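What follows is one structure encoded as structure tokens, with my remarks underneath.
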Amino acid sequence: MKLYELAVRRKITFIMIFLGIVGFGIVSLAQLKPELMPDITFPTVTIRQSYPGVGPVELETLITRRVEQAVSSINRVKDVSSSIREGRTTTTIEFEWGTDLEAAVADVRETLDRIQRLMPDDADSPSIFKFDFSAMPIMMIGINGPYDRVYLRELADSLIEPRIESADGVAAVSTHGGREREIQVRVERARLESLSIPVSAVIGAITSDNLSLPGGSIKTNTREYLLRTSSEFESIEDIEKLAVAQRNGSTIYIRDIAEVVDDFRERTNEMTLNGSPGVMIQVQQRSGASTVETAENVRQVLDDMTSELPSGVSFTVAMDSSEFIENSISNLVQVAIQGSILAVLILLFFLRNIPATLIVAITIPVSIIASFTAMRIGNISLNIISLGGLALAVGMLVDNAIVVLENIFRHRENGQTPIEGAIYGTAEVSMPIVASTLTTIAVFLPIFFVQGITGTIFREMVLTITLSLLVSLFAALTLIPLLSSILLTGKDIDGEIYLKSQNRLAMSISRFLHKLDSIYAKVLTWILGHKKTVIFGCLALFIFSIAAVFPLGWLPAEFMPRMDDGNISINLELPVGTRLEETIKKTNEIEKAALLQVPETDIYRSRIGPGGFGRTGPHVAQISLSLKPAAERKRSQEEITGALRQNLNSFPGVKVQVSGGGGRGLSGMTSPIEVEIFGYDLDLSRKISEEVSEIIERVPNVVNVQIGTDDPLLEYVIRMDRSRAAALGVSAASVASQVETYVLGRTIGFFRTGEDEHPITVQLKEDDRQSISQIENLPIATSTGRLLSLKTIADVVPAAGPVSIERFRQQRRNVVTADYEGKNLSAVSREIEESLSEIILPAGFYISMGGDTKEQREAFFWLGLALIGAILLVYMVMASQFESLLSPFVVLLTIPMSLIGVIWLLLFTGTSISIISLVGVIMLTGIVVNNSIILVDYINLLRARGLPLDEAVITGGKTRLRPVLMTSLTTILAMMPMAFGLGDGAEMSYPIARALIGGLVASTILTLLVIPAIYTIFTNRFSMEK
């Protein structure tokens, strides 16, 4: 007994099966995590190692090159890059996508252990980190109130930060801004020298007396007591009274050689919120936790704390990434609902019968809800990619049901009973709909083999569409005949089933459809008489459409579209060496100018000085603008960004770069445009980079050009006289440590007051560390405790070497990065490459393109292979169905016809070719052939029954006109809401919808007009009937 027959005869059993499927789906939906994007684990491992006091060039030789050579031999390593700065080297290992990172980390650790004996003895041990996208902050919370920033900072550290850390899903919380209390031990150089006391003695005295240690336990006859030694400082005087040394029978105390002050840490950065200096709390989520749920938990903690805070203290959520996620998911849900309604209206128009329409429409919720169960089992989150797949599939989910129901209608018209019509009507089209579903699903298989981030992102979309289509096929073969046998029992005088729901509108639609059938039959008759004219006309249109892309270049191409997430970053860079106070002043000026240009700003904040990503130092700053929701502003994020670039270039001495917050650079590791300069000579590399930068800046639509390595820093380097230092018993590490203590300061413990603890820092008095001569005369202790002037064992000279060295694939590299305006990355990249070809490079140097340009070319290559694979798979499925090699070829010609519609709709709507729209083209290859399969299969059936060729083509076309129009229009209209590109996150879905709609419109028209002509030519020439 066939499946559809079993469903009709065992109605209750199959109704229970579908109720169970829906029930499990609803439960699974409640357990799915809402996220913006699929879980993208970048396959990168980072090694960091410090070697205090050693310059970049020496570090490169002593550590970096050895590490690179060793790790490059690890299995599945794709690229190795390094960044080297004074005293620190960082090596990043990029593995092939799909690599088990836990195993990769273990391999890296084992490799480093093998080469540890080759490393300098006084270098620190290396640290290994995995790249975790979830480590990015998900919330920024400002603390406001009528109190000074010292109090607000203490409040954040002692109360607010621990409470937020307790929220479920939170991994780490850090506080920025405000002033931090610090106990400063300001040592006098003259007193140290006169008493011959090394600074290590001061550190030792403080650390040895500021402790609380367990001493075991004491047992009496009846009790047991814990024993603890407690000698923690309770006041500043406790520190001042500490003994440091004995000199000439007298005890030297801390107060004799230093001033102990309860003060604040030296300010190295500044945070502002809405124009006022403030305190900001940054929240990071735990790996694997839901961003939306974590943010909701944090908000709940903030609400619960309101009553505990001092009067007037409040919170301002300056950034919350969960809002964009929730809005994007909500938008996709609305799009799916709107698309479903439009699809149902089309069904109602053609069927003119509410029960019949509901029978078909029920496959939409059943298929989508069933997919949630599979998503839960497969650990797929509810994100804009997986949900976008379901929204795209809405129109396709009813295709099989339409074909089955329409055929059941036809059998009922021939006088069969409801049960006979359901069984035989389904049996007749079961193979074509299985084949059409398999062709649709087959095109997704190659996407699983696409390399890089493209394959990683779209696998979830492929899975959700595939799962929903399989459920819809099962429903079409079981639920549709089952419900048809129950509900479709009436018949009118014209033989069309209405269940007594006839009315004037239904009759009008019926007459219109009959007239349409007649017109199409006449058109088809004309086409069969002018086959060559039709085919050559279609071929000319196809060639012209392809020419619009190549070579005319009318259609722009980019890697990924930029999302309007309502965030704009303004990065400022002043000359290296600029003091923090001057940077703050310039930042305030530019911030005010930006706010005048952007009235759409909702919240704005600034970070001045170290603390962000990329370049760091007191000469850099970042202004972040959070815009009002897109529905409340007339300008897009990109339009606002472009206006700011035009208006913020009038500040002398400040380099201003404006960029949008979302989208481009989604690879997570690259800039949109990167020009890589490879060569060993650092000075030449810098000169070439500057020349490249100037050339790129002249290319139209290129913005935010920046040389990757920092400008030479105004610095002095302490260069050790190794032989003399060794003779006097002083190591480089000891010198670096003592100089760091004198100049930068060293935290050696904590001063506790209640639950709060404040750092105790030892540092030379400011008056003793302001000139180079004072640095040269710093007292350095030898291994015997003797004090020497620094200049005795080292020279303090202006830096002559590089601030940093960048390496890639074991070669020195400098990178010039840039962004672009508009949507045509391909054209911009080509123009850059043409301009750079004029540069005459010295021997040993070469230039290559990286960034999103490289990612785009790799992605387009793999998607091109996936498209070829999809076409081959579709052909194989159809060849198996038709048992013919030529019939599938006729159907396959629908694919190039569909490209005509794709190209022109993308062109007219201003949509670029990107990996998003190309995935739509791949999907299209499996969708557009479905109508041709149904048409050609039925024509073959009529010819097998003895009809002449032309009559079979005309009759088959007329009979299959309505199913073809219904399936195409339901799919097209279901995707219309998505194609409009409205709402948050729409940029990740509307390119696919537009590509599919354009292709479906063109393929439907050409399937009905051109395929019959091609079919007759092939049949006459090759005698295709079996």
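The values are calculated or read from the model by the stated rules, or taken from the named source; none is laboratory data. Fair warning: this is a prediction, and the values are worked out from it, not measured in the lab. Ideal geometry is used to build each Cβ from the backbone, glycine not excepted, and the neighbour counts take in all protein chains shown.
Tabulated values for the structure
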item	result
Test result for residue 715, charged (D, E, K, R), touching a Lys or Arg at 6+ places or on another chain (Cβ under 7 Å) and either surrounded by fewer than 16 Cβ atoms within 10 Å (Cβ to Cβ) or modelled with pLDDT of 85 or more (or both)	no
Which listed residue, of 46, 91, is without any contact (Cβ under 8 Å) to a residue 60 or more places away in the chain and among the hydroxyl-bearing types (Ser, Thr, Tyr)	91
Within the range 912-967, considering residues that are surrounded by 20 or more Cβ atoms within 10 Å (Cβ to Cβ), small (Gly, Ala, Ser) and part of a helix (DSSP H, G or I), the one nearest to the chain's Cα centre (by Cα)	917
Where residue 813 falls short, out of the listed (1) under 30 Å from residue 847 (Cα atoms); (2) basic (Lys, Arg); (3) in contact with a helix residue (DSSP H, G or I) (Cβ under 6 Å, 6 or more places away or on another chain)	(3)
Matching residues in the range 836-883 - criterion: being among the polar types (S, T, N, Q), under 30 Å from residue 914 (Cβ atoms) and either assigned to a helix (DSSP H, G or I) or without any contact (Cβ under 8 Å) to a residue 12 or more places away in the chain (or both)	837, 853, 856
Of all residues making up the range 677-726, the number that are β-branched (Val, Ile, Thr), out of contact with any helix residue (DSSP H, G or I) (no Cβ under 7 Å at 6 or more places or on another chain) and assigned to a strand (DSSP E or B)	1
Residue identified as farther than 19 Å from residue 254 by Cβ and outside the structural domain of residue 913 (by TED's automatic domain parsing) among 772, 760	772
Verdict on residue 464 being closer than 23 Å to residue 926 by Cβ, out of contact with any helix residue (DSSP H, G or I) (no Cβ under 7 Å at 6 or more places or on another chain) and either assigned to a helix (DSSP H, G or I) or touching a residue at least 40 places away in the same chain (Cβ under 8 Å) (or both)	no
Any pair with Cβ under 6 angstrom, 6 or more apart, that starts in the range 169-193 at a residue that is closer than 30 Å to residue 284 by Cβ and ends at one that is part of a loop (DSSP other than H, G, I, E, B)	169/286; 169/289; 171/286; 177/278; 180/265; 182/265
Number of the exception - residue 196 against (1) touching a helix residue (DSSP H, G or I) at 6+ places or on another chain (Cβ under 9 Å); (2) at positive phi	(1)
Flag for residue 309 being closer than 22 Å to residue 973 by Cβ and either crowded, with 16+ Cβ neighbours inside 10 Å or in the same structural domain as residue 401 (by TED's automatic domain parsing) (or both)	no
Selection within the range 176-201 - in a helix (DSSP H, G or I) and not polar (S, T, N, Q)	189, 190, 191, 192, 193, 195, 199, 201
Failed item in (1) acidic (Asp, Glu); (2) in contact (Cβ under 8 Å) with a residue 24 or more places away in the chain; (3) closer than 23 Å to residue 936 by Cβ, with residue 428 passing the rest	(2)
Residue within the range 155-168 that is in a loop (DSSP other than H, G, I, E, B) and either within 23 Å of residue 762 (Cβ to Cβ) or not acidic (Asp, Glu) (or both) present	yes
Single residue of the range 202-258 satisfying the filter (touching a Gly at 6+ places or on another chain (Cβ under 8 Å) and not in a strand (DSSP E or B)) that is surrounded by the most Cβ atoms within 10 Å (Cβ to Cβ)	206
Filter result (hydrophobic (A, V, I, L, M, F, W, C) and within 19 Å of residue 350 (Cα to Cα)) within the range 409-421	409
Criterion violated by residue 135 - all others in (1) farther than 20 Å from residue 272 by Cα; (2) within 44 Å of the chain's Cα centre (by Cα); (3) at pLDDT 85 or above; (4) small (Gly, Ala, Ser) satisfied	(3)
